[in-house]
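Below: the structure, in structure tokens.
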Amino acid sequence: MPKLYVYMGLVVFFYANDHEPIHVHGLYQGRECKAEFTVRDGRVVRIVFLPVVKMPPLKPAEMANFKKLVRARSAEIVQKWIDYFVLHRNITPETITRRLP
């Protein structure tokens, strides 16, 4: 499970055996959601936030933090997906200690 970020207790990660479309998971105390990215001409043009089957969803404040992080780091997340799943590079997790605007 490649971890990308830890933000306000929320862990943002890929599952090691994940599949397309490009997406990332957010996990907080046993609750989980995911964000799917639509990329056109190398740019993120859409992000859809979805529940994860058989998992309780993030609570509103947790979801707000997840959305804030994913939107702020969307291009970076897509690059990390490419690095991990296409180029088979290791991902170094980042702990974000300051609240995002």
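Couple of notes before you dig in:
- Carbon + sulfur, % of accessible area of the chain - ligands and nucleic acids excluded, 1.4 Å: 52
- Å² per residue, accessible surface of the chain at 1.4 Å: 61
- Loop-located trypsin sites (Lys or Arg not before Pro) in segment 1-77 (DSSP state not H, G, I, E or B) with no more than 16 neighbouring Cβ atoms inside 10 Å: LYS54.
- Taking other residues whose beta carbon is less than 13 angstrom from the beta carbon of ALA72, and scoring Lys, Arg as +1 and Asp, Glu as -1, yields +4.
- Derived scalar couplings ³J(HN,Hα) [segment 17-33; Karplus, 6.51 cos²θ - 1.76 cosθ + 1.60; whole Hz; x for Gly, Pro]: 10, 5, 9, 6, x, 4, 7, 9, 9, x, 10, 9, 6, x, 9, 8, 9
- Approximating the spin labels as points 7 Å out from Cα along Cα→Cβ, the LEU87-to-GLU36 distance works out to 2.6 nm.
- Over all other residues within a Cβ to Cβ distance under 11 Å of ILE96, the charged ones net out to +3, with Lys and Arg as +1 and Asp and Glu as -1.
- Label-point gap, in nm, between ALA75 and HIS19 - each point 7 angstrom along Cα→Cβ: 3.1
- Rounded tilt (10° steps) of 60-72 against the dominant C-alpha axis of the chain: 30
The values are calculated or read from the model by the stated rules, or taken from the named source; none is laboratory data. Every value quoted in this text rests on a predicted model; they were computed, and no experiment measured them. Cβ atoms come from the backbone with ideal geometry, glycine included; neighbour counts cover every protein chain shown. The area values use the complete protein model at the heavy-atom level, side chains included, leaving out ligands, DNA and RNA. Shrake-Rupley method; radii C 1.70, N 1.55, O 1.52, S 1.80 Å.
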